[in-house]
Amino acid sequence: MADDNQEVSTPAPRPYSSRPDRPDRPERGPGGPREGGGGRKFFRRKKVCKFCVEKIDDINYKDVRMLQQFVAEKGKIVPRRLTGVCTPHQRRLTSAIKRARNIALLPFAAR
Amino acid sequence: MRTYEVMFIVRPELLEEDVDKLIATMQGHATTAGATVLSTEKMGKRRLAYDVNKCSDGQYVLFVVSGDGKAIHELERRMRVAEQVLKFITVRTDEEQQRLDKVRKIRAAHTKRPPAEAAAPAAPAATENPVASA
């Protein structure tokens, strides 16, 4: 009958991007499932780079208090996927931390 | 001429005047080698993050030096020989300063232009209103 044909033909369109962190075809790909290590499927939330937001240009090795925010308890440098720092700033941060370690402002390996 | 920052750690048990004497000696070495010491800063006694030569504290001193590579090499050699200097690090800063100056200039140009454009249309609009009401 005519009504059945109409019901079958076109389903109602889905609301577009109600879940922005789950695109239909992931071009960038959710970085979560590959390296999340476990059942985590999607990005938690969009972390922003602290240096870009606050417009800090100068990442100095002498500024121990700022560098310590990016160093774990054992003295290891925290990866940027956890801190949300962008790549150029992470590179500068890493060289600043390594210089600070050399001049005994930060430890190489702590307890 | 390049600009360098030289930071070194002095033994903690040295007295104030001995540290000053050592700083003066180092400045003399730099000048003899052909560099100019732009500024000196004593950063005080700090606890070291790890033991260096069996010392757990140290006095930090910072020099800002302008010179060429050979002069800095000579200064480093003297520091290596001096037994009161525990550790030193030399960082070249002129290129980094250039980059920072460029970034700051661009940022200043960005922030200066929009307020100027916003002020111009706002001023004639403000003057028109009292004229219209009168």
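Quick note: the coordinates plus some simple rules give every number you see, no bench work behind them. Here the structure is a predicted model, which means the values were calculated and not measured. Glycine gets a Cβ as well: all are built from the backbone with ideal geometry, and neighbour counts include every protein chain shown.
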Net charge over other residues, Cβ less than 13 angstrom from the Cβ of B:Arg104 (K, R count +1; D, E count -1): +2
Helix-derived mean residue ellipticity, 222 nm - over chain B, DSSP H n ≥ 4, -39500 (n - 2.57), to 500: -18500 deg cm²/dmol
Overall form of segment A:45-111 per C-alpha gyration tensor (a/c, 1.5; a/b vs b/c): oblate
Cα point-scatterer Debye curve for segment B:2-92, base-10 log of I(q)/I(0) at q = 0.22, 0.26 Å⁻¹: -1.07, -1.41
Listed pairs A:Lys62/B:Lys102; B:Lys21/B:Lys70; A:Lys98/B:Lys42; A:Lys50/B:Lys87; A:Lys47/B:Lys87; A:Lys62/B:Lys112 exceeding 28 Å between Cα atoms: A:Lys50/B:Lys87; A:Lys47/B:Lys87; A:Lys62/B:Lys112
